[in-house]
Amino acid sequence: MSRSSLSLVWPLTAALLVLTVSTPLLTRAEPREAPPVHLSLGTGGTGGVYHEYGAALARIVSSSHGDVRITALTTAASVENNRLVAEGSLDAAFTLADVSALAVAGDPPFDEPLPINAIARLYDNHTHVVVRADSPYRSLSDLAGSTVSVGAKGSGTEMMAERLLDLVGLEEDGGPDAGVHRLRLSIGGSASALERGAIDAFFWSGGLPTQAVADLAERFPIRLLDLSEHVNALSEEHGAYFSELPVPASTYPGVPAVRTIGVPSLLVVGAGMPRPTAEELTRLLFDSRAELAEIHPVALQLHPRSAIATLPVPLHPGAAGYYQEVKYAHDRVAESAAVP
């Protein structure tokens, strides 16, 4: 992988981490030497949970695991991350599950099936449509004639926004009463534009809470639109990747509770990643869970039972080996506890 060519487009967000202590292996009956793990990790935009999660994983690994080198990269997120992993420009990346499903099927916006495997299902993203608290907008249909940020180009947020606007018949620049003027801004750019009055609303798909939205709510009164009425229509048209989830009132300062659309997040790698590397990456992810949760609560959703639910994106054989190993270890513990 060429680091120099990638850095022309996606800036580095974490320093290269080189470690010298050995990796603890907690689930094998007999110790083994951990293979070196030298990986690039695609995250998302600054201020989003993918970015925070990926940078935190790199920092945690740097302090507690050995022979590991991880570079965290800022990217446009889901759509671009799948392409970069498939072409080998990234070793691993975060993505929305519905986007990776299109990638492995070769459906638009992808031109052909991409060789993507999953390491884990991580947590559920929540779709945000953020408006000023004093705005007249109460539903997606109310956005007719407005100017909206649909997220960064090549992001899962952009895909979700376009699907939702299409559901309610809001075409791009379809006239003052029928369409929506789209801007494609990062999460940070979207928050700033709403505060300045340059846009009327913005879309965002991320874990709870998303720091950029929390910071905006501290400075400026905002609301979220309730999107629960669109869950069934999305599922019927695009597959069963969507669920109705709450955004509790305590999530963002002064923002009332709503119900919205949830989509799972995955950690994906190229199908050609060596099995020992994928297994060790899975192990590192789970070994870091408790410390990740101290940085962001979405890490608490990571569990071996739910992590394997990545279909139609297949689990990498190395990740599958880790989950089989963990199940074996858990079974042995249960059997020992049952012995009188």
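The values are calculated or read from the model by the stated rules, or taken from the named source; none is laboratory data. Small disclaimer: the values here were computed from a predicted structure and weren't measured. Note: ideal-geometry Cβ built from the backbone for every residue, glycine included; neighbour counts use all protein chains shown. For the accessible areas, the whole protein counts, side chains as well, though only heavy atoms, and no ligand, DNA or RNA atoms are used. Shrake-Rupley method; radii C 1.70, N 1.55, O 1.52, S 1.80 Å.
Kindly list the number of the only condition in (1) open to solvent by 40 Å² or more (accessible area, probe 1.4 Å); (2) in a strand (DSSP E or B); (3) polar (S, T, N, Q) that fails for SER141.
Unmet for SER141, out of (1) open to solvent by 40 Å² or more (accessible area, probe 1.4 Å); (2) in a strand (DSSP E or B); (3) polar (S, T, N, Q): (2).
What about ALA58, is it modelled with pLDDT under 95 and closer than 24 Å to MET160 by Cα?
no
Consider only pairs whose beta carbons are under 6 Å apart and that are at least six residues apart or on different chains; among these, list those whose first residue lies in the stretch 283-305 and is closer than 20 Å to GLY206 by Cα and whose second residue is aliphatic (A, V, I, L, M) and assigned to a loop (DSSP other than H, G, I, E, B).
Listed by first residue and then by second, the contacts come to ARG289/LEU302.
Is it the case that some residue within the stretch 256-268 is free of Cβ contacts under 8 Å to residues at least 60 places away in the same chain and not aliphatic (A, V, I, L, M)?
Yes, the stretch 256-268 has at least one match.
Filter the stretch 238-268 down to the residues that are at negative phi, part of a loop (DSSP other than H, G, I, E, B) and open to solvent by 30 Å² or more (accessible area, probe 1.4 Å) and list them by number.
The answer is ALA240, TYR241, PRO248, ALA249, SER250, PRO253, PRO256, ALA257.
Go through the stretch 131-172 and give me each residue that's among the acidic types (Asp, Glu), touching a residue at least 40 places away in the same chain (Cβ under 8 Å) and either touching a His at 6+ places or on another chain (Cβ under 6 Å) or under 19 Å from PRO221 (Cβ atoms) (or both).
Listed by number, the list holds a single entry, ASP134.
Just to check your reading of the model, which residue among LEU96, LEU164, LEU102, LEU140 is within 30 Å of LEU39 (Cα to Cα) and touching a helix residue (DSSP H, G or I) at 6+ places or on another chain (Cβ under 7 Å)?
The conditions single out LEU96.
Which pairs do you get when a residue that is at negative phi, found in the stretch 62-81, comes within reach of a residue that is part of a helix (DSSP H, G or I) and among the acidic types (Asp, Glu), reach meaning Cβ atoms under 6 angstrom, with the pair 6+ apart or on two chains?
none
So which residues in the stretch 82-96 are part of a helix (DSSP H, G or I) and open to solvent by less than 10 Å² (accessible area, probe 1.4 Å)? Quick ask: steps written out before the conclusion?
In the first step, residues of the stretch 82-96 are kept if they are part of a helix (DSSP H, G or I); the result is 82-87.
The answer is ASN82, LEU84, VAL85.
How many residues, within the stretch 200-211, are more than 19 Å from MET159 (Cβ to Cβ) and within 21 Å of the chain's Cα centre (by Cα)?
So the first thing to find is which residues in the stretch 200-211 are more than 19 Å from MET159 (Cβ to Cβ), and the list is 200, 208-209, 211.
Next, from what is left, pick out any that are within 21 Å of the chain's Cα centre (by Cα): 208-209, 211.
Adding up the residues that qualify gives 3.
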